[in-house]
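The structure appears right after this line, and notes come after that.
FYI, it's all coordinate maths here, none of it is from the lab. Values in this document were obtained by computation on a predicted structure and should not be read as measured data. Neighbour counts are summed over all protein chains in view; Cβ atoms, including those assigned to glycine, are modelled from backbone coordinates with ideal geometry.
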Amino acid sequence: QMMRRPYSTDSFRDLVARLRATNPEIAISTDLIVGFPGETEAMFQRSLAFCEEIGFSRMHVFPYSPRRGTPAAAMAGQIPAPVKAERSKTVRKLAATMATAYHQRFVGRTAEVLTEEQAGSIWSGLTPHYVSARFKLDGGAANELKKIVVIKADDKGISGTLAEI
């Protein structure tokens, strides 16, 4: 409400439920600003709980920074920089945990990867779920679709071996 967004946590929760009912593997990401003027510790904890409830596949976390001439820059309750930094760190840790959990869903399964970059014999690319993937392949070219068997997942993405065709 303080940021004047045209949606609420309830409407967002309902939208996510509808999307996941249609596609359980859907990747849902968000941007989160921490330390907006007036944000109390209780508000921050509610935001953390909401993020955990939703289980985002990816999060971009930013500490609020005032911009001259905006209403928020003149608001009372500016949050000290060390508090914003600590809150950002806390959310990023949760984001890494949630990303790992999302990526773990793909371990043991076959994933299609659009090749993007090569470093030696290691290719990286993205899956249709916007998950970063790495695998070994001698040769190949950018913008090719390859299938891999996912053997490992972490907060950065997945890795695997080229699937037998």
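Results, tabulated for the structure shown:
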{"read-out": "Length-normalised contact order for region 9-104 - Cα pairs under 8 Å, 6+ apart - percent", "value": "35 percent"}
{"read-out": "Option label - volume of the Cα convex hull per residue in Å³ computed here, alternatives (i) 110; (ii) 149; (iii) 210", "value": "(ii)"}
{"read-out": "For region 110-162: Kirkwood Rh in Å [reciprocal of mean 1/r, alpha carbons]", "value": "10.5 Å"}
{"read-out": "Cross-link partners of Lys146 among lysines (Cα-Cα below 19 Å; sequence separation of 8 or more within a chain)", "value": "Lys136"}
{"read-out": "Residues Lys146, Lys152 arranged by fewest to most Cβ contacts within 10 Å", "value": "Lys152, Lys146"}
{"read-out": "Cut-off of 10 Å, at most 15 other beta carbons, DSSP loop: longest stretch of the chain lacking such GluC sites (Glu not before Pro)", "value": "26-143"}
{"read-out": "Most positive-pole-ward Cα, Val113, Gly125, Cys51, against dipole of the chain from beta carbon charges", "value": "Cys51"}
{"read-out": "Local net charge near Asp155, Cβ-Cβ under 11 Å (Lys/Arg +1, Asp/Glu -1)", "value": "+3"}
{"read-out": "Fraction of beta bridges assigned by DSSP in the chain that are antiparallel (%, nearest 5)", "value": "70 percent"}
{"read-out": "Rounded Å value of the spacing that divides the Cα centres of region 16-61 and region 82-98", "value": "12 Å"}
